[in-house]
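Beneath this line is the structure, given in structure tokens, with notes to follow.
The values are calculated or read from the model by the stated rules, or taken from the named source; none is laboratory data. Note that the coordinates shown come from a computational prediction; the quantities given were computed from them, not determined experimentally. We place every Cβ from the backbone using ideal geometry, glycine too, and count neighbours over all the protein chains shown.
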Amino acid sequence: MQKPISECIRQLRRQRGMTQTELGGEHFSKSYVSAVEREKIVPSYEALRFFAEQLDQSVDYFHQLAEQSALMQSNGVQMLPSLSLQDENDQQDESMALLGMVLEGIELPHAPFSQEISALSLETIMRLPFQKQARYCLVKGLLLQEVGNLVDAQHLLERALVLSPVKHQPAILDALGTNFALAHIYQAALSYHRRALHLLELNESDEKASSTLLLKVELHCGDDYRALDIHTKALDHYEHARQSLRSTSNMDIAGQTYMGLGYCTYASTYQNGSTKLSYQEKERQLQRAISFLLQSRTLYQVSSNRMGESKVRLLHALILLALCSLRRQLALERAGKALTTESLQCNTLLDEAEEQCRQALLSWNGTAIDTGISSTDLEVVLYTALSSLVSVYVQRAAVARLEGYSDTALRDRARAALLCQSTLDTLTNPELLHPLLQNTPVLEDVDMYRVQALPRLPDATKNRLSQNPISLAALFFAAGEMTEELGRAATTTTYASDCYMHANTCFKTSLNTERQSTFSKEYDASYLTRNYQRCITLLEERLQVAPAAVEKTYQATLDLFKDSVYQTK
């Protein structure tokens, strides 16, 4: 068996006559290097890369050794000495170094040490000297936070804050803010995170110790503002976090930062208040958002964060669809009420959007929803990808219809109708989801010349739908888009009227469903606002291309207005 990564790093460092401080340089503290060398933790990928450069070694070799150490840890090999609260000499308690790492903003290591602290009673901790009591309150609070016990975690973190010196308070304030964010109390979360940021800015002299923590706190402030639907403020903090990134920064945190920049740039495009952006300005904003997402996706790929990568891909697809919609609006505006117009130059964008959706689905092919891999997130990813694919086919059909390619429009409408109804059927028959995911790429054999049936939404009064409201809302809205396109392409007034009435129902159901979701930093109120805006845009287009449907359009608009005023979450 190869030597452990800890022993390898220690030997190479000593051979070169380097101290632990010199090996860590400006990026990793002495306590972190010490913990790695003593097998207290398995170093992160960023740390491995940095240490390999410092010691003139191959990153792949270090990564292989680290995986071996991680495997030993997961198989129950003790990587920390037993924690003894009866030890009178705090300086000999080796766990104190790890506790200090938490105060520097480094992630809490998962080891037997964590399990032992979790088992400690509050009475036992309260008998410790104040300094040690503060540290153990912090770590136990963080561990309780991880398992969702937010009430007890808050009490312990507040106790740690009272007992800690000022230099340690930013980390504890950040933890308290995160605790409130997990409880969806974002105004309180923001208050704590801003206090942490203020203390860090006052203590700029200790830049080495606070750089990692500063990055996390800026990111958390951005997340809080995003959850509160204040995207311009969120952008400021995400930008500050981006400026704090270093080559050794945690790749997941870097990916989150760029994803936050991408989403908030996209969301703020539609939230400029009295300042109305031109089509060209909106397109530049959306292209900028995409550039941030491309960087985020690369960072998630490097860190092997499959879920993060999938979410970025789907957000990328969403913005590409928004770009196509923007170009379609501009073309319709220029063409007036004409049913044909010049080339919209959307095909490349739609091809890319389809590819992003398919890659997101392929990355989870064979993974069941009921596995332990973030089942709620996985469900949202799968249904969002399927819904976005429906929207891609709908937009392709709309573009082809406007450009005069009737056969292409027929084919893509048929594909959209087939995929939409197949996905809707999985809501009441979940066992159909896996076969659908397997067959999604095969949508060539469709009867494009028959009249497409309107999508059948599940009856919520007869079926208790277990899917996340975000998933349901996305799918119902895609069904509305598809039905709207069927109405615009209809050759008879009766069929068109039926389509528009059914589209109104789909849009209303989607918006009502989305109002049931809990707003979070990832799915904030702007998702609902944006769906209202998309719905209004489609209704405005309907008035242009189908003036005869004006009565149904006005009724749909009135229903939306009533819902937004009288219904609350």
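Reported count of residues in region 246-286, each being without any contact (Cβ under 8 Å) to a residue 60 or more places away in the chain and over 14 Å from Asp223 (Cα atoms), is 19.
Would you please name the residue that is nearest to Ile9 (Cα to Cα), looking only at residues in region 32-49 that are under 32 Å from the mean Cα position of the chain (by Cα) and surrounded by fewer than 22 Cβ atoms within 10 Å (Cβ to Cβ)?
Keep residues of region 32-49 that are under 32 Å from the mean Cα position of the chain (by Cα), which gives 32-33, 35-36, 40-49.
Now narrow it down to the ones that are surrounded by fewer than 22 Cβ atoms within 10 Å (Cβ to Cβ): 44-46, 49.
Working: Ser44: 14, Tyr45: 14, Glu46: 15, Arg49: 12 Å.
Result: Arg49.
Please list, ordered by residue number, the helices (runs of 4 or more DSSP H) wholly in region 365-440 having 1 or more residues that are modelled with pLDDT of 90 or more. So that I can check it myself, show each step before the final result.
Working: elements: 375-403, 406-428, 433-439.
The helices (runs of 4 or more DSSP H) meeting that bar are 375-403, 406-428.
Take the conditions part of a helix (DSSP H, G or I) and surrounded by 22 or more Cβ atoms within 10 Å (Cβ to Cβ) and apply them to Arg135. Does it pass?
Details: part of a helix (DSSP H, G or I): yes; surrounded by 22 or more Cβ atoms within 10 Å (Cβ to Cβ): yes.
Answer is yes for this residue.
What is the residue count in region 298-328 for residues that are among the basic types (Lys, Arg), within 26 Å of Val399 (Cβ to Cβ) and crowded, with 22+ Cβ neighbours inside 10 Å? Explain how you work it out, then say what you get.
Here is the first cut: in region 298-328, the ones among the basic types (Lys, Arg) are 306, 311, 313, 327-328.
Imposing the further condition that a residue be within 26 Å of Val399 (Cβ to Cβ) reduces the set to 313, 327-328.
Those left that are additionally crowded, with 22+ Cβ neighbours inside 10 Å: 313.
Residues that pass the stated criteria total 1.
Would you check which residues across region 337-358 are modelled with pLDDT of 85 or more and surrounded by 17 or more Cβ atoms within 10 Å (Cβ to Cβ) and list them? If you could, list the steps in order and put the result at the bottom.
Keep residues of region 337-358 that are modelled with pLDDT of 85 or more, which gives 346-358.
Cys346, Leu349, Leu350, Ala353, Glu354, Gln356, Cys357, Arg358, listed by residue number.
Scanning region 266-297 for residues that are surrounded by 23 or more Cβ atoms within 10 Å (Cβ to Cβ) and over 15 Å from the mean Cα position of the chain (by Cα) yields nothing. Taking the criterion of being at pLDDT 95 or above, more than 13 Å from Leu228 (Cα to Cα) and among the aliphatic types (A, V, I, L, M), the only residue of region 176-195 that qualifies is Leu176.
Given the structure, is Asp236 of a type in the set (Asp, Glu), out of contact with any His (no Cβ under 7 Å at 6 or more places or on another chain), part of a helix (DSSP H, G or I) and modelled with pLDDT of 95 or more? Reasoning before the result, please.
Numbers: of a type in the set (Asp, Glu): yes; out of contact with any His (no Cβ under 7 Å at 6 or more places or on another chain): yes; part of a helix (DSSP H, G or I): yes; modelled with pLDDT of 95 or more: yes.
Considered against the rule, which asks whether it is of a type in the set (Asp, Glu), out of contact with any His (no Cβ under 7 Å at 6 or more places or on another chain), part of a helix (DSSP H, G or I) and modelled with pLDDT of 95 or more, Asp236 comes out as yes.
Condition first: under 30 Å from Asp229 (Cα atoms) and at pLDDT below 90. Can you find one or more residues in region 147-167 that meet it? Yes, region 147-167 has at least one match. Do we have any residue at all in region 240-251 that's in a helix (DSSP H, G or I), of a type in the set (Ser, Thr, Tyr) and crowded, with 17+ Cβ neighbours inside 10 Å? Yes, because at least one residue in region 240-251 is in a helix (DSSP H, G or I), of a type in the set (Ser, Thr, Tyr) and crowded, with 17+ Cβ neighbours inside 10 Å. For region 522-559, residues that are of a type in the set (Lys, Arg) and over 18 Å from Ala496 (Cα atoms) total 2.
When Leu173, Leu197, Leu219, Leu215 are screened for being within 30 Å of Ala322 (Cα to Cα) and either surrounded by fewer than 19 Cβ atoms within 10 Å (Cβ to Cβ) or not aromatic (Phe, Trp, Tyr) (or both), only Leu219 passes.
Restricting region 1-28 to residues that are closer than 17 Å to Asn250 by Cβ and crowded, with 21+ Cβ neighbours inside 10 Å, which is modelled with the highest pLDDT? Step by step, filter region 1-28, then rank; the result is Gly24. Those residues that are more than 29 Å from the chain's Cα centre (by Cα) and not in a helix (DSSP H, G or I), I need them from region 21-31; list them, please. Those that are more than 29 Å from the chain's Cα centre (by Cα) and not in a helix (DSSP H, G or I): Gly25, Glu26, Ser29.
Met307 falls short on exactly one of the conditions (1) in contact (Cβ under 8 Å) with a residue 24 or more places away in the chain; (2) within 30 Å of Ala188 (Cβ to Cβ); (3) touching a Phe, Trp or Tyr at 6+ places or on another chain (Cβ under 6 Å), and that condition is (3).
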